[in-house]
Amino acid sequence: MANVTFITAQGVTTELDVEPGINLMHAAVSNGIYEIVGDCGGSASCATCHVYLAPGVEDKLPPPGERELQMLASVSSERRPNSRLSCQIVMEDRLDGIRLHIAETQW
């Protein structure tokens, strides 16, 4: 398992141990992190799992695909250079210790 820390806009942190192969939206939703909505179930078609990557994380991830980029264009909170959809981040051992700041609003 690898560790991920979710940080809400209010500064509440939740650490989870996540099995490799699980996307981080599913990990958040199934562990009661209600600030991540995941309305589409993880198909990158709703943009309700918007997060900001902490510094140093971006280099560990593949760049966002075309579908994710399209959805990031319609997020309700400010889109930043480090914006990602958590449904498109699949846990791997090399991501152990990843920190994600949850966007203030998802709708």
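Miscellaneous remarks
- Packing around the peptides 37-43, 11-17, taken as the average count of other Cβ atoms within 10 Å per residue, puts them in this order, highest first: 37-43, 11-17.
- Per residue, the convex hull volume that the Cα atoms of the chain enclose (Å³): 88
Computed from the coordinates by the stated procedures, all read-outs in this text should not be read as laboratory data. Please read these numbers as outputs of a predicted model, since none were measured by experiment. Backbone-built Cβ (ideal geometry, glycine too); neighbour counts: all protein chains shown.
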